[in-house]
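Undergrad: One structure follows; several queries about it will come next.
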Amino acid sequence: MEIIYFDNNATTKVAEEVLEEMRPLFCDLYGNPSSMHTFGGRIGHRIKKAREQVASLLGCEPSEIVFTSCGTESDNAAIRGALAAVPNKRKVITSRVEHPAVLTVCRDLENAGFTVVEIGVDRQGRLNLDELDAQIDANTALVTIMYANNETGTVFPVERIARMAAERGALFHTDAVQAVGKIPLNLSRSHIDLLSLSGHKLHAPKGVGVLYVRKGTRLAPFMLGGHQEAGRRAGTENVPGIVGLGKACELAARNIKMENTRVKALRDRLEKGILESCPDCRINGDSENRLPNTTNISFEFIEGEAILLMLDKYGICASSGSACTSGSLEPSHVLRAMGVPFTAAHGSIRFSLSRYNTQEEVDFTIEKMPRIVNQLRELSPFVPK
Ligand code: PLP
């Protein structure tokens, strides 16, 4: 059975060009870039090139790029590193819809005595900017707000928030793991101090990420040890991963227009097709400011997991907005923060596309969806009779 992969916000296929670029770095050019010999030294310029490729996609200086192991590490390093660098301030502001890589760190900080404020969102997942504005004060060390939400695709007005933070003397970090490669960024004209991205969300392999650190930003290193990454992140470099990420960024820059035209058109076609053929469903997320590849749809009266299992039978990979924890199906914290009613939150499915998807795949899914929904609703005790 052919796989139809609509789960690109979870992870992406490694691009063939990326794999080709990485291949020599396993068995031929396997030296350690810190070694004194020429063999190791030959690796250094590969890392330099990758740093330039990432910087070019982000519109920043290569020296502002720190390679890490993943988005989670970048988020941890940004938040903890920023707080350690400004020990006189004890307040952190974030949102209720962050990825656990940010939210769990913030809750841990709260347990350690920091004041942590989680800003709410409205029914479309848009951040309450008035609440945020009122909260940034002289004690605020850091504002950390995601660029785009992984579940709904809602894009936040991050540049505006960064300016608000800068005006009050607070550092600003954004988890841009879902945004990079999907929407154009230009950090040279930005107030963002720290930005996280992850390789495996943009057709590079798993196990490599980046923390952008704006020149002059004070940041205590998260990983201590050797002098790699100019002392900002110790540990022997994941050279194949870094080289792959560099190539993926080069490809992303080339394909970003396609993300916002062809991929967006496929997403819109899928969304429209499902909404027209399945009654009692609705989109979760901001209708105007949304990632071009993401749609999150709530199907009333049925369970997201049941829909996923039936999609799976056709080889269609998507994901649900619920998390199965300790035997009970909890709706996602994002949909709960948005005030999505319980019955709708339970039946929510995220489809996230990439440039590798085709119209045939979209049309196949549109054809199957009403059948799946009707079948499950016939069995559901929640459908009003
Ligand atoms: N932040 C966001 C918004 C994400 O979607 C993810 C992964 O899903 C992460 C952080 C974590 O990235 P990684 O899997 O590279 O640790």
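The values are calculated or read from the model by the stated rules, or taken from the named source; none is laboratory data. Because the structure is a prediction, the values reported are computed rather than measured. When we count neighbours, we look across all protein chains shown, and the Cβ atoms used for this are built from the backbone with ideal geometry, even at glycine. SASA here: full protein model, heavy atoms, side chains in, ligands and nucleic acids out. Shrake-Rupley method; radii C 1.70, N 1.55, O 1.52, S 1.80 Å.
Undergrad: As a check on your grasp of the helix formula, calculate [θ] at 222 nm for the chain: sum -39500 (n - 2.57) over DSSP H runs of n ≥ 4, divide by the residue count, round to the nearest 500.
TA: Result for the chain, helices only: -12000 deg cm²/dmol.
Undergrad: If you don't mind, another one. Which lysines have a Cα lying under 22 Å from the Cα of LYS264, excluding residues fewer than 8 positions away in the same chain?
TA: LYS13, LYS182, LYS201, LYS272, LYS368
Undergrad: Moving to a separate point now. With a 10 Å radius around each residue's Cβ, average the other Cβ atoms per peptide and rank 173-181, 109-117, highest first.
TA: Put in order of decreasing packing, that is 173-181, 109-117.
Undergrad: Could you give the accessible area per residue of region 266-364, probe 1.4 Å, as a whole number in Å²?
TA: About 39 Å² of surface per residue is accessible.
Undergrad: So what J values fall out for region 46-53 if you push phi through Karplus, 6.51 cos²θ - 1.76 cosθ + 1.60 with θ = phi - 60°, rounded to Hz, Gly and Pro as x?
TA: Once rounded to whole Hz, the list reads 5, 5, 4, 5, 4, 4, 5, 5.
Undergrad: What number results when the radius of gyration of region 154-294, computed over Cα atoms, is divided by 2.2 N^0.38 Å?
TA: 1.26
Undergrad: Arranged from highest to lowest average of other beta-carbon atoms within 10 Å per residue, in what order do the peptides 255-267, 28-40, 299-311, 369-381 appear?
TA: Taking the mean over residues of other Cβ atoms within 10 Å, the ranking is 299-311, 255-267, 369-381, 28-40.
Undergrad: Right, another one. Among the DSSP beta bridges whose two residues both lie in region 16-251, what percent are antiparallel, rounded to the nearest 5?
TA: For region 16-251, the DSSP antiparallel bridge percentage is about 40.
Undergrad: Further question: So for region 16-251, what are the equivalent ellipsoid semi-axes in whole Å, largest first, each being the square root of 5 times an eigenvalue of the Cα gyration tensor?
TA: 32, 19, 14
Undergrad: Another question, if that's okay. Which aspartates and glutamates does LYS48 reach when only Cα atoms under 19 Å apart count, and residues fewer than 8 places away in its own chain are ignored?
TA: Leaving aside aspartates and glutamates fewer than 8 places away in the same chain, those within reach of LYS48 are GLU17, GLU20, GLU21, ASP28, GLU61, GLU64, GLU229, GLU237, GLU250.
Undergrad: For region 82-234, with all protein chains present and a 1.4 Å probe, just round the carbon and sulfur fraction of the accessible area to a whole percent.
TA: 50
Undergrad: Taking only protein heavy atoms and a 1.4 Å probe, what accessible area per residue, in Å², does region 16-251 have with all protein chains in place?
TA: Value for region 16-251: 40 Å² per residue.
Undergrad: Now, a different point. Once label points are set 7 Å from the Cα along Cα→Cβ at both ARG123 and LYS385, what is their separation, rounded to one decimal in nm?
TA: About 3.0 nm separates the two model spin labels.
Undergrad: Per-residue counts of other Cβ atoms within 10 Å, averaged by peptide: what ranking do you get for 78-87, 208-217, highest first?
TA: Peptide ranking by packing, descending: 208-217, 78-87.
Undergrad: Multiply the residue separation of HIS37 and GLU61 by 0.36 nm, subtract the distance between their alpha-carbon atoms, and state the gained length in nm to one decimal.
TA: So the extension gain works out to 5.8 nm.
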